[in-house]
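Undergrad: Below is the structure I would like to discuss, written out as structure tokens.
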Amino acid sequence: MTVIDTIRPMEWFFLLYFIFTSIFYLLLNYLAVLRVFEHLAETALDRFSVNYTGLEPPISLLVPAYNEEQTIVTTVYSLLQLEYPEHEILVVNDGSSDRTLEHMLAEFDCEPTPDVYHRDLETEEIRGLYRSRLFPNLRVIDKANGGKADALNAALNASRFPLFCSIDADSFLERQSLRRVVLPFIEDSRTVAVGGTVRIANGCRVEEGSVTTVGLPTGLLPLFQIVEYLRAFLFGRMGWSQINSLLVVSGAFGLFHRATVIEVGGYSRNTLGEDMELTVRMHDYLSRAHRDYKITFVPEPICWTEVPEDLGTLRTQRARWQRGLSESLWAHRGMLFRPGGGAASWVGFPFMVLVEWLSPIIEVVGYSYMLVGLLMGWIDLPVMLIFLAVSVGFGTLLSVMGLVLEEMSFKVYAHAGQAVRLFGVAILENFGFRQLMSVYRLIGTVQWLLGARHHWGDMQRRAPWDPDGPEEFPASDKA
């Protein structure tokens, strides 16, 4: 009798599920590789070094902020330094209980403004509107707490430009980011949303809102997350973009067509995953209306953000993400295999259900079943080894492939020592970290099933790059 003959139906189920998901990821990675090298060929002459064409549409930058006193000033300074012909910055203080509003008003010398506020979208009470005396394109909105989606809707109401970019208050953009992320809107009038790459700032040196030295954090948790982000953005979202099935434009950095977002109803205040829910709703709405549209992703516009460095905060974050995923999929369940829904309905949405939503349940149950079975003696050691070879082996392959593509293309982590450390982390993350993330995501699924309340997620900010904000801002850049 061979080892295969000893595998029971339940064990076959877990093995085939891991094989199915791994093959799907490999196909997705293949699409991403094609697009990455196509993108590199298009940018070989460095088209971003030329002067502005005059075709760039003005952009509103929306920054929802809740208890972000440690990072908000640095974030705004980084946005003020963006190289783009015309943009406005709207910071929304969503009822913070710390000194976020006070820091903003004092640092940027803000005064009350009589600006007209159009209520295209319903929001909580607006307490005050302010404009900076130093930077005319900077405005601050103070409002009653209503959550991140409500804060974004308030900023949308006050925005003046045809495109808007949503940015987390603990993030900052590279100076050329807007010039790059806007290109799909210029090149294709069907574009309604564009996502950009999010990188991890932990371990980097940041001065006056810009990354001056790309470094790696010392802790294992943020290192694991670097590998995760590379895999998710460079492979996942690049691949989905190829077939117009991108269902998540990250709330940390995404550019949208304002009129379309207003038309579909703005950000939903009934979900924790407002970024995914909006993207899925745009797919559903526009396809039902038989509109020719594109939701795409570009890898070079980079947004830097801080990630959790302790397990408690990371657990809360991942559980919240999974709840947002569950809410978005359930709210738009009619999109699944809907005639006329395109690849988003027939490929992207089923993948999200079968892989992203179900995977924490199947992985946790699968690992538990195999481990208990081995200890109880109803599973043979060779079967367990086959299971680990499939689940851990394919996971390691996908992580390493992401790093190889990064080193062959954008080389953000250019030093040889950084590459070696990340390759080691890409292997190590499959022995405990990925399984732990599945447990955290399962917690989020259970919370969703039990109807847990929505609220802003608090994260312990370290802001090691610039705890006190920039001491001086270049006078030449002030208005």
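Readers should treat all values here as calculations from the given coordinates under stated rules, not as data from a laboratory. Keep in mind that this is a model prediction, so the values were computed, not measured. Note: ideal-geometry Cβ built from the backbone for every residue, glycine included; neighbour counts use all protein chains shown.
Undergrad: Once Rh for segment 107-250 is found with the Kirkwood sum over Cα pairs, what is the Stokes-Einstein diffusion coefficient at 20 °C and 1.002 mPa s, in µm²/s?
TA: On the way: Rh = 18.1 Å.
My calculation gives 118 µm²/s for D.
Undergrad: Additional query: Using the number of other C-beta atoms within 10 angstrom as an exposure proxy, rank T123, T113, T260 with the fewest first.
TA: Numbers: T123 26, T113 12, T260 17.
Ranked by crowding around the Cβ, least crowded first: T113, T260, T123.
Undergrad: So what's the gap between the Cα centers of segment 409-447 and segment 231-249, to the nearest angstrom?
TA: Their Cα centres are 18 Å away from one another.
Undergrad: How much FRET efficiency would the formula 1/(1 + (r/R0)^6) give for V353 and L40, where r is the Cβ-Cβ distance and R0 is 22 Å, rounded to 0.05?
TA: In this case the efficiency is close to 0.10.
Undergrad: Once phi is turned into ³J(HN,Hα) by the Karplus curve 6.51 cos²θ - 1.76 cosθ + 1.60 with θ = phi - 60°, what whole-Hz value does each residue of segment 285-292 show in order, with x for glycine and proline?
TA: Here the 3J(HN,Hα) series is 5, 5, 5, 5, 7, 6, 8, 7 Hz.
Undergrad: Per residue of segment 112-129, what does 6.51 cos²θ - 1.76 cosθ + 1.60 with θ = phi - 60° give for ³J(HN,Hα)? Whole Hz please, x for Gly and Pro, Karplus curve as stated.
TA: Taking θ as phi minus 60°, the curve returns x, 10, x, 3, 6, 10, 8, 8, 5, 10, 6, 9, 5, 4, 8, 8, x, 10 Hz for segment 112-129.
Undergrad: On a C-alpha basis, how far is the centre of segment 318-374 from the centre of segment 176-213 in Å? Whole number, if you could?
TA: 28
Undergrad: Quick one: grab the alpha carbon gyration tensor of segment 350-409, order the square roots of its eigenvalues as a ≥ b ≥ c, and give me rounded if a/c is under 1.5, else prolate or oblate depending on whether a/b is larger than b/c.
TA: Values: a/c = 4.06, a/b = 1.63, b/c = 2.49.
Since a/c reaches 1.5 but b/c is at least a/b, the shape of segment 350-409 is classed as oblate.
Undergrad: When ranked by the protection proxy of mean other Cβ atoms within 10 Å per residue, highest first, what sequence do the peptides 311-321, 62-72 form?
TA: Numbers: 311-321: 17.8, 62-72: 24.0.
The most tightly packed comes first, giving 62-72, 311-321.
Undergrad: Using a ≥ b ≥ c from the Cα gyration tensor of segment 290-359 (square roots of the eigenvalues), is it rounded, prolate or oblate, where a/c under 1.5 gives rounded and otherwise the larger of a/b and b/c decides, a/b for prolate? Please list the in-between numbers first.
TA: On the way: a/c = 3.02, a/b = 1.49, b/c = 2.03.
It comes out oblate by the Cα gyration axes.
Undergrad: Can you list residues whose amide H is under 5 Å from F161's amide H, if they're 5+ apart or on another chain and H is modeled 1.01 Å from N?
TA: S60
Undergrad: Which whole-Hz ³J(HN,Hα) couplings does segment 391-408 yield from phi under the Karplus relation 6.51 cos²θ - 1.76 cosθ + 1.60, θ = phi - 60°, glycine and proline marked x?
TA: Calculated HN-Hα couplings, in order: 6, 7, x, 5, x, 5, 4, 5, 5, 5, 4, x, 5, 4, 5, 4, 5, 7 Hz.
Undergrad: So what is the orientation-averaged projected area of the chain, using the convex hull of its C-alpha atoms, in nm²? If you can, show how the numbers build up before the last one.
TA: Details: hull surface 94.2 nm².
Mean shadow area of the hull around the Cα atoms is 23.5 nm².
Undergrad: Follow-up. Would you calculate, for the chain, the mean residue ellipticity at 222 nm contributed by helices, counting each DSSP H stretch of 4 or more residues as -39,500 (n - 2.57) and dividing by all residues, to the nearest 500?
TA: Details: 15 runs with 205 residues, N = 479.
My calculation for the chain gives -13500 deg cm²/dmol from helical runs alone.
Undergrad: Here's another thing I want to ask about it. If we count other beta carbons within 10 Å of each Cβ, what is the order of D109, D170, fewest first?
TA: Listing D109, D170 from fewest to most nearby Cβ atoms yields D109, D170.
Undergrad: Something else: At R0 = 60 Å, how high is the FRET efficiency between D188 and M376 if r is their beta carbon distance? Nearest 0.05 is fine. Show your work: numbers first, answer last.
TA: Details: r = 58 Å, r/R0 = 0.97.
It comes out at approximately 0.55.
Undergrad: On to the next question. Do any chymotrypsin sites (Phe, Trp or Tyr not before Pro) in segment 326-414 lie in a loop, going by DSSP, with at most 13 other beta-carbon atoms within 10 Å of their beta carbon, and if so which?
TA: Numbers: sites: W330, F337, W346, F351, W357, Y367, Y369, W378, F387, F394, F410, Y413; in loops: F337, W378, F410, Y413.
Qualifying residues, ordered by number: F337, W378.
Undergrad: Would you please give the residues with an amide H less than 5 Å from that of R131, counting only those at least 5 places away or on a separate chain, with H modeled from the backbone geometry?
TA: Sorted by chain and number, the residues that satisfy this are E111, T113, V140.
Undergrad: Once amide H atoms are placed 1.01 Å from N in the peptide plane, what residues at a sequence separation of 5 or more from E306, or on another chain, have their amide H within under 5 Å of its amide H?
TA: Amide H to amide H, under 5 Å and 5 or more residues apart or across chains, E306 pairs with A201.
Undergrad: Moving to a separate point now. What FRET efficiency, computed as 1/(1 + (r/R0)^6) with R0 = 45 Å and r the Cβ-Cβ distance, is obtained for F161 and L388, rounded to the nearest 0.05? Don't jump to the answer; show the numbers that get you there.
TA: On the way: r = 52 Å, r/R0 = 1.17.
Efficiency, from the Cβ-Cβ distance: 0.30.
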